[in-house]
Structures are given as structure tokens and as C-alpha cells.
Amino acid sequence: MTEAETGKRVLLAKPRGYCAGVDRAVQTVEEALKLYGAPIYVRKQIVHNKHVVRTLEAKGAIFVEENEEVPEGATVIFSAHGVAPEVYEQAKERSLKAIDATCPLVTKVHQEAKRFAAEDYDILLIGHEGHEEVIGTAGEAPEHIQLVDGPEDADRITVRDPNKVVWLSQTTLSVDETMETVARLKKRLPMLQSPPSDDICYATSNRQHVVKEIAADCDVVLVVGSRNSSNSVRLVEVALDAGARAGHLVDFAHEIDDAWLAGARTVGLTSGASVPEELVAEVLTHLADRGFTEVEEVVTANERLTFSLPQELKRDMKAAAAARG
Ligand code: SF4
């Protein structure tokens, strides 16, 4: 049946799903498995997605929390979220072969933190306490960095010199909430400097932007993504703030409760930056089986950015290719 017959449609957001940093991190593990053979150790979830982690585990990746779980001399890959300098040191001490899959846009924030710390600034890092990316960035200059976890946190900040303070941020925050936090900080610290370029990455802001476009037309917005994926969780919040009547985060199609769709005529659908497209396709099939056969893709940007694989891996791939002749 067509939409005219069922009255039900899906507004499919684009951009959605994999960003350049996630694509690179997943490829890094896959190529390392091909090149060095299983097992390959990965410190933390390579990206915050259950399906991706399970798929790589099935291919021979072993996910660990810390370097000490990796046998001496083995290969370890650091996740897309980045690590503090001490993690490289620990890897060196254990003679691990470390491959760094940190997203280059996270590395950019690390560089900013190092630079402002070297100039003796107080750095206000806006981000979620305990998130791996925040731990990694803060680890670059712990004595200079204070975490600001949301607008309310802004009021408790004290700095050494109000004329020498800068804010930086986690890459996967809500753009609007971050601006609210910055506005609140600026009330108390009028000389607060902004990052040299946006820290919230293009993928996070593009996915939020298109969700805002569709939200008001949706009875319910479904976001495919894992609970520990910051950018996916933010998409549900953004959808609700922008007027969606309801919003839900699901890892897989089978988690969709039929009650969420009862009476709905328009379902919005998107996915976080760590979500492969096959999971979105499964949700579309699930929705079609329930009468949502008409799919309209709403496009607000076309993303073409790609990142090349980590240098250390590329070098070994090249050497292996040369050895094969
Ligand atoms: S969400 Fe942004 S910062 Fe994170 S991996 Fe993707 S591109 Fe990089």
C-alpha cells in the first residue's frame, strides 16, 4: 500500500550514521586483523555501538578496558575517542605495538588543549563527566583543565585569571546546550575565549541539524544508536526539544515497541555517527511491515569527508604489499 492508502510515512534524515572518524576507526581494526591476524586487542569499544563491537569480536578483535589486559608485545588499537598521553606511555612500557584510531577531529581538540595549557590558560572543557573522550582530552593538561558538565555546572567555576581563560568541548555534544553553557560562562567570565574552530564536529552538528528540520512533523522520532553513544543520545534530546511528540533510542529494530507507533502517522528516523546503515535498513523494513511504506529522505547536507588510516598501519600495509612483490 502507498502512503495515500495507509496514511503512514517515514521521514528519513540525511546525514545520518557513520561519520568519517568512525569509518576510519572500524576500518583500522579490520585492516589490522587482515594484516597481523587475530587476535587484535582494542582498548575500549572502538566506537560506541553494540553491533559494530560484536561484529569485530566475531572477526577476532578482543576488547579490553586497559593496556594491562593486553599481553606484552601484542598489538593494541586505541579507540576513536582518543586517549590521554599516559596511555601511550603504559603501552610503551608493556612493549605493545600501538595503533592510534583516535578521530583526527578529537586529536585537534587535544592539540588545542596542549597549546592553551602551554600558554598557561585556564581551560574550561565542556563535556560529560566520565566520557572517554573527555578523560583523554583532560589528560593532556590536567592541571589546566576543568570540566564543565552542562549549563548548571557553569556557575561553580573559578579561574586564576579571568582574562586568560578559554573554553573547549567534547566533539559530540548538543550544539544548543553547549551554546547555553557558554553564554552562562560568559556572564561570569566576559573575556572567555572560544576555541579557534568548532570543537563539536561536523558530523554531530549535521545530524542534529537535520533532526531539527524533521522533528516538528513527527509523531515519533526513532534514533538508531547505543546508550553509551553520546551523539546518538543527543539526537533524541534534540528531536524532543525541536517538537517531536516522542523520541526513542534503539540499538536494533526488534527493540521498537509497537505501542510507540500506535496512532502515529509520521515517524522520523535517523542514526548516530557510530551506526552502520544496515541497522537503519532493518528499521525501515520493520516499519514497512507495520504500514509505514512511504519513505521520504530529508537531506540538509552531503558529507564527503574521509580520513586516511593511521600512519603506523599504512606503513605496515605498504611494507607487506612490497614484500608480496
Ligand atoms: S563523531 Fe565526530 S569526532 Fe567523533 S569520530 Fe565522528 S567525526 Fe570524529
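General remarks:
- Residues that are in contact with a Leu (Cβ under 6 Å, 6 or more places away or on another chain) and either of a type in the set (Gly, Ala, Ser) or within 16 Å of the ligand (Cβ to nearest atom) (or both), drawn from segment 208-224: Val211, Val223, Val224
- Residue identified as out of contact with any Asp or Glu (no Cβ under 9 Å at 6 or more places or on another chain), open to solvent by less than 70 Å² (accessible area, probe 1.4 Å), part of a helix (DSSP H, G or I) and assigned by the TED database to the domain that holds Gly139 among Val182, Val210, Val233: Val182
This table checks each residue for (1) in a strand (DSSP E or B); (2) open to solvent by less than 70 Å² (accessible area, probe 1.4 Å); (3) within 19 Å of Lys212 (Cβ to Cβ).
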site: His254; (1), (2), (3): no, no, no
site: Gly268; (1), (2), (3): yes, yes, yes
site: Ala273; (1), (2), (3): no, yes, yes
site: Glu278; (1), (2), (3): no, no, no
site: Glu282; (1), (2), (3): no, no, no
site: His286; (1), (2), (3): no, yes, no
site: Gly291; (1), (2), (3): no, yes, no
site: Glu303; (1), (2), (3): no, yes, yes
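- Condition check for Gly243: at positive phi and touching a helix residue (DSSP H, G or I) at 6+ places or on another chain (Cβ under 6 Å): yes
- For segment 30-65, a residue qualifies if it is in contact with a Leu (Cβ under 7 Å, 6 or more places away or on another chain) and open to solvent by 10 Å² or more (accessible area, probe 1.4 Å), and the qualifying residues are Glu31, His51, Lys59, Gly60.
- Residue match in segment 46-54 (condition: of a type in the set (D, E, K, R) and either within 16 Å of the ligand (Cβ to nearest atom) or part of a loop (DSSP other than H, G, I, E, B) (or both)): no
- For segment 185-207, a tally of residues being within 12 Å of the ligand (Cβ to nearest atom) and open to solvent by 70 Å² or more (accessible area, probe 1.4 Å) returns 1.
- Members of segment 225-282 found to be polar (S, T, N, Q) and either closer than 21 Å to Glu133 by Cα or more than 16 Å from the ligand (Cβ to nearest atom) (or both), listed by number: Ser226, Asn228, Ser229, Ser230, Asn231, Ser232, Thr266, Ser271, Ser274
- Yes/no for Ser274 being closer than 18 Å to Val236 by Cβ and within 23 Å of the chain's Cα centre (by Cα): yes
- Considering only residues in segment 1-45 that are hydrophobic (A, V, I, L, M, F, W, C) and in a loop (DSSP other than H, G, I, E, B), the one that is nearest to the ligand (Cβ to nearest atom) turns out to be Cys19.
- Residue check, Leu173 assigned to a strand (DSSP E or B) and at negative phi: no
- Elements of type helices (runs of 4 or more DSSP H) in segment 66-142, at least 2 residues being more than 16 Å from the ligand (Cβ to nearest atom), under 25 Å from Glu31 (Cβ atoms) and open to solvent by 60 Å² or more (accessible area, probe 1.4 Å): 85-93
- Test result for Val250, farther than 28 Å from Val106 by Cβ, of a type outside the set (Ser, Thr, Tyr) and buried (at least 16 other Cβ atoms within 10 Å of the Cβ): no
- Residue among Asp161, Asp219 that is out of contact with any helix residue (DSSP H, G or I) (no Cβ under 6 Å at 6 or more places or on another chain), surrounded by 17 or more Cβ atoms within 10 Å (Cβ to Cβ) and not aromatic (Phe, Trp, Tyr): Asp219
The values are calculated or read from the model by the stated rules, or taken from the named source; none is laboratory data. Bear in mind that the values here come from a model prediction, so they are computed numbers and not experimental data. Here the Cβ is made from the backbone with ideal geometry for all residues, glycine too, and neighbour counts use every protein chain on show. Side chains included, ligands, DNA and RNA excluded: accessible areas come from the protein's heavy atoms. Shrake-Rupley method; radii C 1.70, N 1.55, O 1.52, S 1.80 Å.
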